[in-house]
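Structure, as structure tokens:
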């Protein structure tokens, strides 16, 4: 997959025209007849709450608009008419927190069901694929190193370190590549074994 050009588009994931704006600017830059090959939903913020009663509605809305289905869905809707058929790929990036369902992460997790449902529709209609991958603790500026959360995660990880961004990107590159052409509706966990280490 050679890269011919890169553009940056600023958009608010909570806005009603988030998806249409990104697709419109993309088509203006690369040509209206150029098919969109890959859509990756990767926006995310992290907030924890000690109890359900401590989650204000504004925080719920903020996380749901950014991390969960409210932001990815309109982008996918806007992109679908312009995607390669067959061969379009949609990848939603979540978190292993959705799998384990721990008390501090009440607001996480809605992407899983949407990704599976989309795989069935897209595969039968256009030969396109949908998948998602869930990173564990990753070494970024918003990571959990040195926190109480990381101490708990570390005890349940088989590989005792934070993952690196390139390790997450490598899994994503495989998932959207031709080598994974028969893979759809699947979850790829990049978490050092964290998701399997919970009791």
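Laboratory data are not the source of any read-out in this text; all were calculated from the coordinates shown. None of these values were measured; they are calculated from a predicted model. Cβ atoms come from the backbone with ideal geometry, glycine included; neighbour counts cover every protein chain shown.
So, by mean Cβ neighbours within 10 angstrom, what's the order for 176-182, 78-84 with the highest one leading?
Sorting 176-182, 78-84 by mean packing, highest first, produces 78-84, 176-182.
Separation between the residue 186 and residue 120 pseudo-spin-labels, each 7 Å from Cα along Cα→Cβ, expressed in nm?
2.0 nm
Based on the mean of other beta carbon atoms within 10 Å per residue, what is the order of 154-160, 36-42, 190-196, most packed first?
Per-residue Cβ counts within 10 Å, averaged per peptide and sorted highest first, yield 190-196, 36-42, 154-160.
May I ask you to order 131-138, 5-12 by the average number of other C-beta atoms within 10 Å around their residues, highest value first?
Packing proxy ranking, top to bottom: 131-138, 5-12.
Fully extended, how many nm does the chain gain between residue 59 and residue 32 (0.36 nm per residue separation, minus their Cα-Cα distance)?
Details: separation 27, 0.36 × 27 = 9.72 nm, distance 3.76 nm.
6.0 nm is the gain from fully extending residue 59 to residue 32.
Separation of the stretch 157-199 and the stretch 60-79 by C-alpha centroid, Å?
Distance between centres, Cα-based: 22 Å.
What full-extension length gain, to one decimal in nm, is calculated for residue 11 and residue 166 as 0.36 nm per residue of separation minus the Cα-Cα distance?
On the way: separation 155, 0.36 × 155 = 55.80 nm, distance 2.51 nm.
Contour length minus Cα-Cα distance gives 53.3 nm.
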